[in-house]
Amino acid sequence: MAKEAPEAESLRQRNGLLGMLYGEFTDSLDDKVVFNLTDCVGCRAYRGTDSSDVGAYFTAYFYPLKRRWMSAGVARQRVEQCFRVALVQDPRINLREAERWACAIRDASVQQAPRKNDSLTNSEVRRPCRVMILVNPLSGRGQALQLFTGHLQGMLNEAAVPYTIVITEHENHARELVKKADLSQWDALVIMSGDGLLFEVINGLMDRDDWQEAIQTPLGILPGGSGNALAASVHHYSQSSPAWNEELLLSCGFMLCKGLVGSMDLVSIHLASKQRIFSFLSIAWGFVADVDIESDKYRHVGAIRFLMGTLVRLASLRVYQGRLAYLPVKEKPNPSSIPQRPSLSSSLPRQLIPNASLTDNAHHHCNNTNSSQTTISNSPINTRKHEIPSGGKIRAPIDSLLPGLDQPVPENWTIVKSEDFVLVLAIYQSHLAEDLWAVPGARADDGIIHLFYVTAGISRPALLRLFLAMEKGAHLVCGCPHLVYEKVRALRLEPISQEGVITVDGETVEYGPLQAQIHPGLARLIYG
């Protein structure tokens with residue numbers, strides 16, 4: 001854009017900000033090149049390096065969705081576009097005009113951030129924002145810091161996002177840090193790691209006396225681990241084509257620069273030791289938890305570690321004994337879709353016992369039972385408050401749906417009859433890993449725990465087919481009779497098998513009975 005005018009003010013009036021800046025504009029040399037301000041993260045003005053050049057310049061930085069070179073689909077790719085301003089012979093006036101354009105482009109790009117029709121995002125990070133970025137240098141293949149400096153540092157500089165990097169030094173370092181931090185100094189906390197570091201941050205925030213204000217601090221995720229489930233979910237919520245590796249990193253970085261914030265559900269989990277933790281992603285027992293923990297030895301190969309772990313665990317498939325109960329989400333039934341009561345010999349895996357009690361005495365082995373399904377009581381939702389240990393500190397939010405772990409579950413809960421499981425997975429995001437699309441219809445703030453369980457009897461090939469189908473979110477239409485999917489508000493899991501692993505957000509927790517309840521929209525997440 002090269003323009004000459006004898007009077008800068010007359011041109012400024014004619015090309016006023018409101019008259020010139022729309023959602024997109026074109027290159028003056030090639031009108032086929034269209035730049036959309038929705039894809040712009042920043043713009044800066046500067047003088048030329050040649051002292052004889054009276055003109056000034058401003059450069060806008062775009063990350064549009066463009067077709068991939070070697071594969072189908074689109075991904076965000078960096079585009080830098082420079083414009084020259086030469087209104088008059090006075091370089092100071094030209095620079096002021098370039099700065100005016102740069103400021104207008106920055107402001108307009110924020111106003112045209114990509115909000116979605118379903119109102120996933122409802123606010124934005126204050127600008128200019130101050131961001132603390134916590135980096136785990138050992139996550140994934142140990143390249144988190146290199147990935148940040150190589151792919152994201154420049155983007156944040158282009159977007160004029162001031163940040164401070166904190167390198168975590170040991171387990172629970174991030175939890176301790178955010179528990180004591182002066183959060184008024186930060187507009188967002190961003191995690192550059194796998195999902196485990198965010199688990200630490202969330203529980204550190206909930207450990208604070210001012211947890212209600214602390215948990216409202218916007219949280220961001222940049223994929224630097226092996227699984228990167230939340231990062232893949234955030235990318236999915238933006239309604240973009242699937243992305244992996246550096247493309248996923250670039251997408252999450254772009255959303256961080258845009259700074260749109262929406263609600264995110266958290267799940268409160270009570271363990272047998274009376275410890276309470278908060279989760280943003282999943283609870284797993286059985287096959288999924290085994291693969292997650294046992295594949296850690298293959299961490300150096302990156303995300304493929306999960307495939308290697310899956311194949312190893314399939315070779316010696318285990319069956320776990322335990323009890324499972326849940327409070328289903330109440331949805332208006334379609335009369336034509338209500339199933340008929342099956343016979344006692346039915347092999348359907350949706351095994352339920354009405355009005356039964358699930359207690360904490362779960363350390364005896366039970367015989368396997370046949371599958372059956374019966375009607376469940378529709379009594380009102382239980383509103384008893386969770387019991388607090390004598391002398392213990394009462395900490396909100398109160399888990400009003402949960403009784404004590406030593407008490408029976410309420411009448412309106414469903415108790416699964418089968419006690420032989422291959423896996424139990426409760427997830428509240430769309431993805432379980434970058435390449436595992438576990439819940440196609442999930443949202444970060446849908447207020448639902450998506451409960452999956454696979455009963456004993458499934459063959460190894462059938463289980464492998466389920467996970468291969470999950471790569472495209474097609475596992476729910478595979479017709480596998482051993483897979484059950486339920487939408488729930490709360491659940492209780494009581495392992496009977498003496499040995500096993502339970503993970504929360506990919507982190508190993510105390511093995512034994514647990515129960516959990518969802519708290520809709522408790523946290524805030526940067527996504528859009």
Return the pair list, or none, for Cβ contacts closer than 8 Å from residues in the range 433-444 that are under 15 Å from M264 (Cβ atoms) and modelled with pLDDT of 95 or more to residues that are of a type in the set (A, V, I, L, M) and buried (at least 23 other Cβ atoms within 10 Å of the Cβ), at least 6 apart or on different chains. V439/I427; A442/I427; A444/V234; A444/M264; A444/L525
Hey, any hits in the range 417-425 for a residue that's over 20 Å from L317 (Cβ atoms), open to solvent by less than 10 Å² (accessible area, probe 1.4 Å) and modelled with pLDDT of 95 or more? no
Filter the range 507-528 down to the residues that are modelled with pLDDT of 95 or more and among the small types (G, A, S), then identify the one that is surrounded by the most Cβ atoms within 10 Å (Cβ to Cβ). A516
So in the range 395-416, with the set limited to residues that are within 28 Å of M206 (Cα to Cα) and of a type in the set (S, T, N, Q), which one is least open to solvent (accessible area, probe 1.4 Å)? S400
Could you tell me whether A144 is out of contact with any helix residue (DSSP H, G or I) (no Cβ under 8 Å at 6 or more places or on another chain), modelled with pLDDT of 85 or more and not hydroxyl-bearing (S, T, Y)? yes
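Does the range 426-451 hold any residues that are within 14 Å of Y326 (Cα to Cα) and open to solvent by less than 10 Å² (accessible area, probe 1.4 Å), and which are they?
Filtering the range 426-451 down to residues within 14 Å of Y326 (Cα to Cα) leaves 426-427, 448-451.
Listed by number, the residues that qualify are A426, I427, I449, H450, L451.
Listed residues E213, E246; which is at pLDDT below 95, part of a helix (DSSP H, G or I) and surrounded by fewer than 18 Cβ atoms within 10 Å (Cβ to Cβ)? Steps first, answer last, please.
On the way: E213 fails: at pLDDT below 95.
Testing whether each residue is at pLDDT below 95, part of a helix (DSSP H, G or I) and surrounded by fewer than 18 Cβ atoms within 10 Å (Cβ to Cβ) leaves just E246.
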Is it the case that the range 254-275 has a residue that's of a type in the set (K, R), open to solvent by 10 Å² or more (accessible area, probe 1.4 Å) and in contact with a His (Cβ under 9 Å, 6 or more places away or on another chain)? no
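Listed here are the residues, each with its yes/no results for (1) touching a residue at least 12 places away in the same chain (Cβ under 8 Å); (2) within 26 Å of the chain's Cα centre (by Cα); (3) open to solvent by less than 40 Å² (accessible area, probe 1.4 Å).
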{"position": "R44", "(1), (2), (3)": "yes, no, no"}
{"position": "A60", "(1), (2), (3)": "yes, no, yes"}
{"position": "P64", "(1), (2), (3)": "yes, yes, yes"}
{"position": "S71", "(1), (2), (3)": "no, yes, no"}
If I go through the range 408-440 residue by residue, how many of them are more than 14 Å from the chain's Cα centre (by Cα) and closer than 29 Å to H235 by Cβ? 4
Might you let me know whether the range 478-493 holds any residue that is of a type in the set (V, I, T), in contact (Cβ under 8 Å) with a residue 60 or more places away in the chain and in contact with a Phe, Trp or Tyr (Cβ under 7 Å, 6 or more places away or on another chain)? yes
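Could you tell me which of the residues G447, G473 is at positive phi and in contact with a strand residue (DSSP E or B) (Cβ under 7 Å, 6 or more places away or on another chain)? Working first, answer last.
Details: G473 fails: in contact with a strand residue (DSSP E or B) (Cβ under 7 Å, 6 or more places away or on another chain).
Exactly one of G447, G473 is at positive phi and in contact with a strand residue (DSSP E or B) (Cβ under 7 Å, 6 or more places away or on another chain), namely G447.
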Identify all residues within the range 165-187 that are out of contact with any Ser or Thr (no Cβ under 9 Å at 6 or more places or on another chain), surrounded by 16 or more Cβ atoms within 10 Å (Cβ to Cβ) and farther than 22 Å from Q146 by Cβ; write none if there are none. R175, K179, A181
Matching entry among L483, L468, L491 (being surrounded by fewer than 19 Cβ atoms within 10 Å (Cβ to Cβ) and aliphatic (A, V, I, L, M)): L468
Residues located in the range 420-446, provided they are touching a Phe, Trp or Tyr at 6+ places or on another chain (Cβ under 9 Å) and either under 18 Å from I496 (Cα atoms) or among the small types (G, A, S) (or both): D420, F421, V422, L423, V424, L425, A426, S430, A433, A438, A442, A444
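The values are calculated or read from the model by the stated rules, or taken from the named source; none is laboratory data. Only a predicted model underlies this, so the values are computations on that prediction, with no experimental measurement involved. In this analysis, Cβ positions are derived from the backbone assuming ideal geometry, glycine residues included, and neighbour counts consider all displayed protein chains. Protein only, heavy atoms only, side chains kept; ligands, DNA and RNA dropped before computing areas. Shrake-Rupley method; radii C 1.70, N 1.55, O 1.52, S 1.80 Å.
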